[in-house]
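The values are calculated or read from the model by the stated rules, or taken from the named source; none is laboratory data. Source: prediction; values computed, not measured. Ideal geometry is used to build each Cβ from the backbone, glycine not excepted, and the neighbour counts take in all protein chains shown. Heavy atoms of the whole protein, side chains included, go into the accessibility calculation; ligands, DNA and RNA do not. Shrake-Rupley method; radii C 1.70, N 1.55, O 1.52, S 1.80 Å.
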Amino acid sequence: MYPLIRNRRLRTTESVRRLVRETVVTTDDFLVPLFVVEGKGIKEEIPSMPNYFRMSLDELEKEVKDLWKMGFCAVLLFVKVPDDLKDNKGTEALNPEGLMQRAIKTVKNACPEMLVMTDVALDPFSSYGHDGIVAEGQILNDETSEVLAEMSISHAQAGADFVAPSDMMDGRILTIREALEDEGFTNTGIMSYSAKYASAYYGPFRDALDSAPVDIANVPKDKKTYQMDPANRFEAIRETQMDVDEGADIVMVKPGLPYLDIVREIKNEVEVPVAVYQVSGEYAMIKAAAQKGWLDHDAVMMEQLTAIKRAGANIIASYFAKDFVRIMG
């Protein structure tokens, strides 16, 4: 006897599939990362990230206006600072006329409604390429957190809507939240990189910002003492819950596709929005394989974005934002 229920009835045509589709990705889901450099008229492609660019402030202004017209509503800013401005304490990060502060103002002047989130970490400003202050071969936790709080205030003063600490120092969310409150920035949000793994997928990003750890004596060779062990699952829940308790408004899992089990675990545990960062290595692999003709770029991109949202992401930080509009438009 044939079954009365045939699941394939709901797959018979594209119209039916669209009607019952459970997960739909839209431009509202995207947080668009942007890389900013000093200069004028600069829009230089990042070799390890095809069709993605570092741009000067004048080009950033154009880019933000284009993104808004495409339907995107949020950007995440990163800066590449000259080597001569780097030191162990990230002093340049606190400069009110620094590149990040000017980038924030540029975005807000160009498109006031665009939501601006800012990277809060020392590695772009560190002479050692670390997310924290280095002393005697160690990354100093509490001293770093104090600097991150000062960075966050500086970003809020420049007009940032959210600060996004990506460092993984213990207790830094509470330190930042209290500092923002003390300075009257009660409406400035915090998107915490709560479950950021010590991943091998970050290589192209570090090329983009020249922020890889340096290989010299008495400096840790990697970030494994503060970023999470990829083997750990329950630790991610603990880290994330602590960040929520300390005042995080949004939590993030990074990287994306290899950690979708973590995304679902965290989504089940917390009541704040969950962001996922589809990182540079994920982007570069698709681009490289597509250039070789080994896979269908657009199909794989859409499958990955859908999988990330299906796993529980409310927000997807992705370099594929404009590619998404190209194929959906």
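Observations on the model:
- Every pair of residues 6+ apart whose Cβ atoms lie under 6 Å, when the first sits in segment 7-35 and is under 30 Å from Met55 (Cβ atoms) and part of a strand (DSSP E or B) while the second is β-branched (Val, Ile, Thr) and modelled with pLDDT of 95 or more: Phe30/Ile316; Leu31/Ile315; Val32/Val75; Leu34/Val75
- Matching option when the condition is surrounded by fewer than 23 Cβ atoms within 10 Å (Cβ to Cβ) and more than 23 Å from Leu257 (Cβ to Cβ), among Asp207, Asp222, Asp170: Asp170
- Residue within segment 20-40 that is open to solvent by less than 70 Å² (accessible area, probe 1.4 Å), more than 25 Å from the chain's Cα centre (by Cα) and polar (S, T, N, Q) present: no
- The residues of segment 135-154 that are outside any helix (DSSP H, G or I), more than 13 Å from Met169 (Cβ to Cβ) and open to solvent by less than 50 Å² (accessible area, probe 1.4 Å), listed by number, are Ala135, Gly137.
- Residues that are under 19 Å from Ala275 (Cα atoms) and not in a loop (DSSP other than H, G, I, E, B) within segment 166-175 comprise Arg172, Ile173, listed in sequence order.
- Only residues that are touching a residue at least 12 places away in the same chain (Cβ under 8 Å), open to solvent by 30 Å² or more (accessible area, probe 1.4 Å) and within 10 Å of Asp298 (Cβ to Cβ) were counted across segment 314-327, and they come to 1.
- For Pro124, the conditions (1) open to solvent by 20 Å² or more (accessible area, probe 1.4 Å); (2) assigned to a loop (DSSP other than H, G, I, E, B) are fulfilled apart from (1).
- Number of positions in segment 91-112 that are surrounded by fewer than 21 Cβ atoms within 10 Å (Cβ to Cβ) and touching a residue at least 60 places away in the same chain (Cβ under 8 Å): 2
- Restricted to helices (runs of 4 or more DSSP H) entirely inside segment 222-325, those with at least 3 residues that are in contact with a Phe, Trp or Tyr (Cβ under 9 Å, 6 or more places away or on another chain) are 280-291, 297-311.
- Within segment 292-311, the residues that satisfy the criterion of being open to solvent by less than 50 Å² (accessible area, probe 1.4 Å) and over 11 Å from Gly256 (Cα atoms) are His297, Asp298, Val300, Met301, Met302, Thr306.
- Residue match in segment 179-187 (condition: open to solvent by less than 50 Å² (accessible area, probe 1.4 Å), among the polar types (S, T, N, Q) and assigned to a loop (DSSP other than H, G, I, E, B)): no
- Subset of segment 227-246 [open to solvent by 20 Å² or more (accessible area, probe 1.4 Å) and of a type outside the set (A, V, I, L, M, F, W, C)]: Asp229, Pro230, Asn232, Arg233, Glu235, Arg238, Glu239, Gln241, Asp245, Glu246
- So Lys69, is it touching a residue at least 40 places away in the same chain (Cβ under 8 Å) and not β-branched (Val, Ile, Thr): no
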